[in-house]
Amino acid sequence: MKAVRIHRFGGPEVMQYEDVPTPTPGPGQVLVKLAAAGVNYIDVYQRTGLYPNPLPYTLGLEGAGTVVAVGPEVTLFKEGDRVAYTGIPGSYAEYVVAPEARLVRLPDELDFKVGAGAMLQGMTAHYLAYSTYPLKPGDTCLIHAAAGGVGLLLVQMAKQCGARVIGTVSTEEKAALAREAGADEVILYTQQDFEAEVKRLTNGKGVNVVYDSVGKTTFEKSLNCLAPLGYMVLYGQSSGPVPPFDPAILNAKGSLFLTRPSLFHYIADRASLEKRAGDVLGWIASGKLKLRMEHTFPLAEAAEAHRQLEGRRTTGKVLLLP
Ligand code: NDP
């Protein structure tokens, strides 16, 4: 089968579209013929070695397709089932072997692109808005990179929870998308001082929670945007990692809370996985949640997909089609 692998860490040029043996499912595993794979920022961290894995490594942590073979002791799925998943390495490929316990059934009314596009970023937005800091009416939140993959979904879910949403984006085009998703206020953080803008928009009070996936370039000012007892939810680092940090700063800035969460802890057990995936896929099926999928590339052009994602040239979901 074809797969996109890396043999060393580096820029998009280290991604190789090559022939590899088709894997065979072992006990509790199924073989999925992939119809689409999701591209996520974590794939960039894995490619550069910020999050290192043993090499060679097949990139990709999200996909959807059809079960074409089952290993021994498989009880939940059978050949022909349509499935979606996240958290299993090797999605930039034609086939993946997956532990059945990490798969969810893809509802008939949703196509494979939605399955591959909704799982990682959708469940991330879900745990951020509903679990890490459960938003409620009367809250104000700040969402950085509001027109990104997670961003557009998180804006919609924050509105579902009844919160006031302030989003940041780099361009006017992205600002329009964030507003369309429901953002009440949008700041062009490449042109305006977002800290000053947030203070102005909240009459100096600050926000209850900042969802910060940008990291290095936004972290410090994000802390200054929080009201006392506010929550700093640092869930990514698209601009680079945040340098070492003195916890006493949290005291000085108003007894703040800081967390650095990861999706994989919020879907660790089957019940959480089914609940979050069920909500996200169900909301998309009913039209309550919109998934933007404007950026689709053939699997062989995965490196170009990475260039565009890192170059801030994408909005919403980026997909690969084998
Ligand atoms: P996005 O589609 O949001 O792409 C990243 C966006 O970050 C860009 O479009 C850009 O938006 C913004 N950005 C700001 N500064 C930079 C920079 N210097 N270089 C590149 N991008 C920059 O990606 P994803 O939705 O896949 O992921 C968003 C973030 O969420 C990532 O940091 C990712 O690691 C994190 N994440 C964390 C998870 C977790 O559980 N902890 C799970 C899923 C994602 P703009 O141009 O508007 O500034």
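Computed from the coordinates by the stated procedures, all read-outs in this text should not be read as laboratory data. Fair warning: this is a prediction, and the values are worked out from it, not measured in the lab. Methodologically, a virtual Cβ is constructed for each residue, glycine included, from the backbone with ideal geometry; neighbour enumeration extends over all protein chains shown.
Quick rundown of the values:
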item	result
Relative contact order (%) - the stretch 223-293, alpha-carbon pairs under 8 angstrom, separation at least six	30 percent
Cα gyration tensor of the chain - equivalent ellipsoid semi-axes, whole Å, descending	34, 21, 18
Relative contact order (%) - criterion: Cα under 8 Å, at least six apart; region: the chain	17 percent
Where trypsin sites (Lys or Arg not before Pro) fall in DSSP loop in the stretch 63-165, at most 16 other Cβ within 10 Å	Lys78
Translational D in µm²/s for the stretch 128-264 (Stokes-Einstein at 37 °C, 0.692 mPa s, Kirkwood Rh from C-alpha pairs)	226 µm²/s
Over 21 Å (Cα to Cα) - which of Lys159/Lys253; Lys199/Lys221; Lys113/Lys288; Lys2/Lys78; Lys221/Lys253; Lys216/Lys253 fall in this group	Lys159/Lys253; Lys2/Lys78
Computed [θ] at 222 nm, deg cm²/dmol, the chain (DSSP H ≥ 4; -39,500 (n - 2.57); rounded to nearest 500)	-8500 deg cm²/dmol
Loop-located trypsin sites (Lys or Arg not before Pro) in the stretch 5-47 whose Cβ has at most 12 other Cβ within 10 Å (DSSP)	Arg8
Straight-distance crosslink candidates among aspartates and glutamates, where the alpha carbon sits under 16 Å from Lys290 and sequence neighbours closer than 8 are dropped	Glu109, Asp111, Glu180, Asp279
Value of relative contact order over the stretch 137-260, rounded to a whole percent, pairs C-alpha under 8 Å and six or more apart	20 percent
